[in-house]
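The values are calculated or read from the model by the stated rules, or taken from the named source; none is laboratory data. This structure is a prediction, so every number in the text was calculated from the model and none was measured. Neighbour counts run over all protein chains shown; Cβ positions are idealised from the backbone, glycine included. When the accessible area is computed, the model is the full protein with side chains, heavy atoms only, and any ligands, DNA or RNA have been set aside. Shrake-Rupley method; radii C 1.70, N 1.55, O 1.52, S 1.80 Å.
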Amino acid sequence: MRRQRPTLIAVSTLIAITLTTAPTPANAAPPGQVTTLTAHQADGYTTLAWQPVDGATDYQIERTPVDADNTPTGTPTIVGIWRPNRQINQQAPTFADAGYNPGDTFQWRVRARTGTTEQPYSDPVTATTTAPWGNPDTPGQDLRTQWETTHAAQYTSDTDEYAYTAAIDTLSDRVRVVELGRTVQNRPINMLVIGHPTPPATPAAVAATAPVAINCNVHGNEPGDREACLIMARQLAFSTDPRITDLLRHTTVLIVPTINGDGRANNTRGNSTGQDLNRDYSLIRQPETTAYIKMVRDYRPVAGYDGHEFGNSRAGDLPMLPPRHQNVAQPIFDQSQDMIEGHMYTKGAEAGWWACPYGCEGGGNVGLSEETILRNTLGLKNVTNSLLELRSSGGQTRPDEGNTANNRRRKTYSALWTFHQFLDYHRADRADILQARTEAIESQAANTGRLVFRGSRPIPAHPAPHPGDSPPPLDAPPADLILDNAPCAYKLTDAQYNGARTDGPGGVGTTVAQRIAAHGWKVIKTGDGYYVPLNQPERGLIPLLLDTKGVEKLTDGERVYPTLTGRHNGPLVVSGFTCAADATINGPVTVRAAAALVATGTTISGPVNATRAAGVLLADTTVNGPLQITNTTDAISIIDATIAGPVNLSGNTTGTDTPVLAGTTIRGPLNCTANNPTPTNLGIANTVHGPRTTQCAAL
């Protein structure tokens, strides 16, 4: 992990918190009795905290319903077991009790056990729990989901979801609901775009705010996170709390409540074709996953969470996992681990939630390296992110969750806590997240290092002392799925690129060309084929779909290795497709019409002039002279380069492919005129020692 440090963001001041403390007894506590029990009320849960008892093996948490006079109205029930592997701070035990109807009043007691020997209960604490968020007399705040109005007896239906989110959209200037696409059965895939005082108007404008994205319900029969997302959307839309308004002034929150509307309506894991959508984010064979990946391409979230439920009664409340695939850039893996271990574990210990690695407590063969899984796909797209798994059943540590409603409440309110903590982490660590993204994009575009087609980074067990915990399997890459000598590009024939596919719903699939465009990769067409260079930001994902070694690939692309290495003295005229890698070119470079230059780790001592070229992609490259690219037709990308002279990008018409100029130092003026689309810097500023004009004034 990149660093260990305490997290300074306070628990949400959005949440009305009250503190109840057990009365101090007149006489000394009996040996083994829990003392100083307190109860903090929060959104949908109560944090119980107490002083540890020497020699205690575990603790039992008892809850009793009481009336306004603190008279019991029901049977005392053991609702929780605190065990030493629940949290990283053993000297401050806490337990989050969420198995009740919010707004009701209860009494709690806690007792230690030594082995099977029960010690005396603590003195009781009594408190009224926090009612569902939102003043019922205030428009907007008075909205409630179907799950809330039925006290968790029913999940929110698709039609109620659409009505609820439409009402938020209508009543709050902070929210815009956009349709990302349609499911196989034609249900809308909606996304809430939330900002303060209003959300930015376009995807590009949203991208400029370093947005965060939460995917709430990919498996239709795992709806707990979805209910949390719907509640949080109401909070973000209508809260006057300074924490919320501060968050939304500094970023845009993207919430996709239900990407798998067909599966949710049918309560099935997969969509209506039976496809597990969390095994399709790289292949994008289905309209649902295609819609989400296009959103990532256009809105460019810098951090994300992906909500699930985990059918393991022995695991923690909140198993989490970063993108583990070994092609994920190291800064993204490190930042994701910092979010999980440095923030979620620490804050979970304070609030009483048991956070742990996905797979803890005998999780089995989970959390591996498939690039088709969203956490890995997002990592390969340079997004700091985590999987969230809500333990589906109460298990030994939550014995009262045979009550279905209580089980559902714990799952949803623990997810709500997680998503709010995610926003707090982004607010506190935004600069680090953006720096990790910059480093990842630049290192990927440099096209250095081996490529792995299966294989995960190791994940440690929950930090000691935590007996019985186990990390997810190592999933080391086998030798035959490692490519040490990375190519410069992949070449596809017209049949491979544009040919009909049968791997979609009803035996009809989108073409490879359409899927590459959905991912946002640059493609160059020359006379003999279509070239997909690797010196671009998603270098780690491209081979997984186009190489012959790909385990879940789209096609067998031809590896194209550099055609120019070492030293070249004199002018260079580029015709066809030319790939320069670790080369030194002593002379001017001219890229002819319909030709392409791809250069990585190269030094060019002279001007570069491309007129009516098919494409120019420069990464980790130095040009000692001016750079002029005009009337290019396919692709332009300049990432982490140094240009010792003026740069002119003019009249380039690259269709739907946006020219990229990112992280580059230009020792001269920068002029961008009449380019369609307008160039972007991917959120990575350039350093320009001269005036910036017209389309590149903000780059």
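Scaled against 2.2 N^0.38 Å for its residue count N, the alpha carbon radius of gyration of the range 215-358 is 1.12. Once you've got the Cα coordinates, tell me which of Lys381/Lys411; Lys381/Lys491; Lys522/Lys549; Lys525/Lys553; Lys411/Lys549; Lys347/Lys549 are over 32 Å apart. Lys411/Lys549; Lys347/Lys549, as the Cα separations exceed 32 Å there. The modelled label-to-label distance for the pair Ala29/Thr653, using points 7 Å beyond Cα in the direction of Cβ, is 7.8 nm. In terms of its C-alpha gyration tensor, the range 382-455 has an oblate overall shape, because the principal axis ratio a/c (a ≥ b ≥ c, square roots of the eigenvalues) is not below 1.5 and a/b does not outweigh b/c.
Extending 7 Å from Cα along the Cβ direction at Gln435 and again at Thr77 yields two label points whose distance is 4.9 nm.
Computed from Cα atoms, the angle from the helix 224-238 axis to the main principal axis of the chain rounds to 80 degrees. Note on Arg450 and Leu474: with the Förster distance fixed at 25 Å, the Cβ-Cβ geometry gives a FRET efficiency of about 0.90. Ranking Ala486, Val212, Leu321 by Cα position along the charge dipole of the chain, where only Lys, Arg, Asp and Glu carry charges on their C-beta atoms, puts Ala486 farthest toward the positive end. Classification of the range 610-699 by its C-alpha gyration tensor yields a rounded form. The axis ratio a/c (a ≥ b ≥ c) stays under 1.5. Applying 1/(1 + (r/R0)^6) with r as the Cβ-Cβ distance of Ser605 and Asn498 and R0 = 30 angstrom yields a FRET efficiency of 0.15.
In whole angstrom, the range 425-519 maps to an equivalent ellipsoid with semi-axes of 35, 21, 19, each derived as √(5λ) from the alpha carbon gyration tensor and ordered largest first. Let a ≥ b ≥ c be the square roots of the eigenvalues of the Cα gyration tensor of the range 167-281; is it rounded (a/c under 1.5), or, if not, prolate (a/b larger than b/c) or oblate? Prolate shape, in that a/c is at least 1.5 and a/b is the bigger ratio. DSSP assigns beta bridges within the chain; of those with both partners inside it, close to 45 percent run antiparallel. Computed over protein heavy atoms with a 1.4 Å probe, the accessible surface of the chain works out to 34 Å² per residue. Taking Cβ atoms as reference points and 12 Å as the exclusive limit, the residues near Arg515 contribute a net charge of +3, counting Lys and Arg as +1 and Asp and Glu as -1.
Computed over the chain, the alpha-carbon pair-distance distribution with 10 angstrom bins reads 3, 15, 24, 23, 17, 10, 5, 3, 1, 0, each value a whole percent.
By the Stokes-Einstein formula, at 0.890 mPa s and 25 °C, the range 488-542 with its Kirkwood radius over alpha-carbon pairs has D equal to 206 µm²/s. Our compactness index for the range 284-364, the C-alpha radius of gyration over the empirical 2.2 N^0.38 Å, is 1.28. If only the Cβ of Lys and Arg carry +1 and only the Cβ of Asp and Glu carry -1, the dipole of the range 365-458 around its Cα centre is close to 260 debye.
Using only Cα atoms and rounding to the nearest 10 degrees, what angle (0 to 90) does helix 287-299 make with the longest principal axis of the chain? Between helix and principal axis, roughly 70 degrees.
Using a 1.4 Å probe on the protein chains only, how many percent of the accessible area of the range 107-264 belongs to carbon and sulfur? About 50 percent, which is the carbon plus sulfur part of the accessible surface.
Annotation: amide H of Phe310 within the under-5 Å range of Leu390, Arg391, Ser392, sequence separation 5 or more or interchain, hydrogens built in the peptide plane. With all protein chains present, how much of the accessible area of the range 571-610 (probe radius 1.4 Å) comes from carbon and sulfur, to the nearest whole percent? On the range 571-610, the fraction of accessible area on carbon and sulfur atoms equals 52 percent.
For a label point 7 angstrom out from the Cα of Gln90 toward its Cβ, which stretches of the range 43-72 have the backbone nitrogen within less than 13 Å? Label zone hits: 52-58.
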